[in-house]
There are 2 protein chains.
Amino acid sequence: MKLPETAKNRLEDALKQLNLRPTQQREHVFAVLLSERDHPTADEVYVRAKKSMPSISLATVYNCLEILVSCKLVKQVNFDREPTRYCPNLAEHAHFHCNDSHRVYDVDLPQDLLNSLKSVLPKGYEASKVELSFHGTRVDTTPSK
Amino acid sequence: MKLPETAKNRLEDALKQLNLRPTQQREHVFAVLLSERDHPTADEVYVRAKKSMPSISLATVYNCLEILVSCKLVKQVNFDREPTRYCPNLAEHAHFHCNDSHRVYDVDLPQDLLNSLKSVLPKGYEASKVELSFHGTRVDTTPSK
DNA sequence: ATTGAAGCTTAGAATCATTATTATTACAAA
DNA sequence: TTTGTAATAATAATGATTCTAAGCTTCAAT
């Protein structure tokens, strides 16, 4: 579990902007998030982080995640009132939540769709954030022999 | 606070389908929800319900709301991990969450937009539910003299 | 009317993700 | 080194929601 140089630089720059220090824990939590393309909960991050940093505490994981969010290096993803999930994919995208596996998949959002989404708002409504999520099941489309 | 005849019938029919009884509490909670066009939390419903039914308990309000949801007379609306809100507007619609007032407004969703939303899903993803929400502020568009 | 079973309501306890608190540690500036 | 500030760790507290246990209603069958 090692943070690539470019990510490390991004983190250090972002932290510097907020007068925060690049600590081992912050780097490690960021590395954990980047190492898999899923959307772990704070608790799952904690479990993964402990593997190579056994002394890290859950509170620190929460703190680091919150700081990564305020640095805009990570996004929070919420489904109903389930535990918050963390997502290092900064591109504008939607989420698909699989009812079976409980996994979350990213879904690309074409820019023109985003625009037509905002166009449904009545006059006087200014949206700073649009959230789009799907719930359903993935069906296996592998052709059988 | 009185439940209109038609709503009362809807409730009784829906409950009958699930072999549930039309109790005073259930009717009252439904009436509370219908009486305002906002999206109250369970706690807010509880406060309103107590005004004309002081003996009702918070647990009962939660129970009634959950039953109304399973009857499909009411929808749950979640924003991040804020308390769940309840919405008797059954039409397919999006929500606008005002950062200033913390109120939630319904936004109509044209059917063709809904269709194009589902069309962004890759093959093999079957969405049973689409959630679309906006966060932002309402700007006053009243023309000044 | 009485009984019994099933469904309801209530009060309070329990749960669980998250946040707050506090003491300790790390580290930079003086 | 001393001093001050920020970060971490352990633990307690919070708050929405759910669960549990007990006592009520309702209603069908006696």
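The values are calculated or read from the model by the stated rules, or taken from the named source; none is laboratory data. No experiment lies behind these values; they were computed from the predicted model shown. Cβ placement follows ideal geometry from the backbone for every residue including glycine, while neighbour counts extend to all protein chains displayed. Surface accessibility is based on the protein's heavy atoms, side chains included, excluding ligands, DNA and RNA. Shrake-Rupley method; radii C 1.70, N 1.55, O 1.52, S 1.80 Å.
For the residue pair A:HIS102 and B:ASN89, what label-to-label distance in nm results when each label sits 7 Å from Cα along the Cα-to-beta-carbon direction?
Calculated label separation equals 3.2 nm.
Taking a label point 7 Å from Cα toward Cβ, how far is A:LYS16 from its twins in the other copies, in nm, shortest first?
Nearest first, the other copies' label points are 7.3 nm away.
For region A:75-144, just say rounded, prolate or oblate: build the C-alpha gyration tensor, square-root its eigenvalues into a ≥ b ≥ c, call rounded for a/c under 1.5, and beyond that prolate if a/b exceeds b/c, oblate if not.
Prolate, since a/c reaches 1.5 and a/b exceeds b/c.
Distance check, please: which entries in A:LYS51/A:LYS72; B:LYS16/B:LYS72; A:LYS75/B:LYS75 exceed 19 angstrom between their Cα atoms?
A:LYS51/A:LYS72; A:LYS75/B:LYS75
Pull up the cross-link candidates among the lysines for A:LYS123, meaning alpha carbon to alpha carbon under 25 Å and not fewer than 8 places away within one chain.
Within the straight-line limit of under 25 Å, A:LYS123 reaches these lysines: B:LYS145.
Ignoring everything but the protein chains, give the 1.4 Å probe accessible area of A:SER119 in square angstrom, nearest 10.
Roughly 80 Å² of A:SER119 is accessible to a 1.4 Å probe.
Expressed as a whole number of Å, what is the distance separating the alpha-carbon centroids of region A:46-73 and region A:80-118?
If you average the Cα positions of each part, the centres end up 22 Å apart.
What nm distance separates the two modelled labels at A:LYS118 and A:GLU66, each placed 7 Å from Cα along Cα→Cβ?
If labels sit at A:LYS118 and A:GLU66, their model points lie 3.0 nm apart.
Would you mind telling me the antiparallel percentage of the DSSP bridges in chain A, rounded to 5?
The antiparallel fraction comes to roughly 70 percent.
Hull surface divided by four, with the convex hull built on the Cα atoms of region A:1-114: how many nm²?
Averaged projected area of region A:1-114's Cα convex hull equals 8.0 nm².
Mind checking the per residue accessible area of region B:91-136 for me, 1.4 Å probe, whole number of Å²?
On the way: 2320 Å² over 46 residues.
Averaged over the residues of region B:91-136, the accessible area is 50 Å².
Of B:PRO110, B:SER55, B:HIS39, which is farthest towards the positive pole of chain B's charge dipole, taken about the Cα centre with +1 and -1 on the beta-carbons of Lys, Arg and Asp, Glu respectively?
B:SER55
According to a simple spin-label model (label point 7 Å from Cα along Cα-to-Cβ), what is the distance in nm between B:LYS51 and A:ARG81?
With each label point 7 Å from Cα toward Cβ, the separation is 2.4 nm.
How far is B:ASN115 from itself in the other copies, in nm, if each label sits 7 Å out from Cα along the Cα-Cβ line, shortest first?
Taking the point 7 Å beyond Cα along Cα→Cβ, the inter-copy spacings are 2.1 nm.
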